[in-house]
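Enquirer: Quick one: the structure is below, questions incoming.
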Amino acid sequence: MLGLKLATDPRWVNIVESNIEEILTDHAWCEQKAASNAISLITQNSEKQELVDELILIAQEEMEHFKMVYDLIKERGLTFGRERKDSYVNELFKFMKKDGSRNDALCERLLFSAMIEARSCERFKVLSENIKDPELSKFYRDLMISEAGHYTTFLKFAKKYADNVDVDKRWAAWIEYETTIITHYGKSETVHG
């Protein structure tokens with residue numbers, strides 16, 4: 001699914017279940033960061049109407065997801081904690097090429113975004129299939145579907161705006177890189193941890 005080479009070990013859900021408050025707080029912040037990423041892409045590429053139109057929808061949806069997770073935290077009497085550092089995303093960021101044309105930079109940022117969405121989608125699938133809490137199982141299944149849509153949108157626009165980038169080849173390189181770093185994760189109760 002999604003072209004990822006290394007699946008999350010379902011036993012990761014056991015770690016998640018040991019601290020639902022932590023996974024929900026981390027998840028809420030992931031949604032907020034995803035909305036901020038979409039807004040940042042709009043700000044940097046405001047002349048690309050089709051991209052802006054799609055990113056507005058993604059930003060709105062990500063903020064709706066943030067609210068859904070935040071409301072779930074409140075309903076369960078849990079505490080919404082401070083923003084967490086996401087080491088996985090920071091490692092992905094290091095792989096982004098920083099040279100080339102403005103469109104090449106956009107293409108790279110879109111591939112970076114697609115990778116985060118792909119792994120998030122995969123993690124939500126693992127949660128939906130393995131968590132013992134029926135409400136959270138359904139919750140993560142619904143979100144998994146949405147994340148898959150974001151992943152494909154980012155890839156579609158990377159292909160549309162690439163000037164000098166073989167997007168399929170570069171995406172394969174992203175997949176390879178992600179495979180090397182994901183082996184360090186899946187050991188904590190965070191979305192990418």
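Enquirer: Here are THR190, THR179: which of them is open to solvent by less than 40 Å² (accessible area, probe 1.4 Å), of a type in the set (Val, Ile, Thr) and in a loop (DSSP other than H, G, I, E, B)?
Expert: So the residue among THR190, THR179 that is open to solvent by less than 40 Å² (accessible area, probe 1.4 Å), of a type in the set (Val, Ile, Thr) and in a loop (DSSP other than H, G, I, E, B) is THR190.
Enquirer: Return the residues of the range 138-150 that are surrounded by fewer than 22 Cβ atoms within 10 Å (Cβ to Cβ) and under 13 Å from ARG119 (Cβ atoms); say none if nothing qualifies.
Expert: Selection gives MET144, ALA148.
Enquirer: Return only the number of the condition from (1) touching a Ser or Thr at 6+ places or on another chain (Cβ under 8 Å); (2) in a helix (DSSP H, G or I) that ARG84 does not satisfy.
Expert: (2)
Enquirer: Restricting to the range 123-137, what's the tally of residues that are out of contact with any helix residue (DSSP H, G or I) (no Cβ under 6 Å at 6 or more places or on another chain), in a helix (DSSP H, G or I) and open to solvent by 20 Å² or more (accessible area, probe 1.4 Å)?
Expert: 3
Enquirer: Modelled with pLDDT of 95 or more and surrounded by fewer than 16 Cβ atoms within 10 Å (Cβ to Cβ), is that true of GLU75?
Expert: Here the answer is yes, as GLU75 does meet what is asked.
The values are calculated or read from the model by the stated rules, or taken from the named source; none is laboratory data. Predicted, not measured: the structure shown is a model, and the values here were computed from it. Note that each Cβ is placed from the backbone with ideal geometry, even for glycine, and that neighbours are counted across all protein chains shown. Note: areas computed on protein heavy atoms with side chains; ligands, DNA, RNA excluded. Shrake-Rupley method; radii C 1.70, N 1.55, O 1.52, S 1.80 Å.
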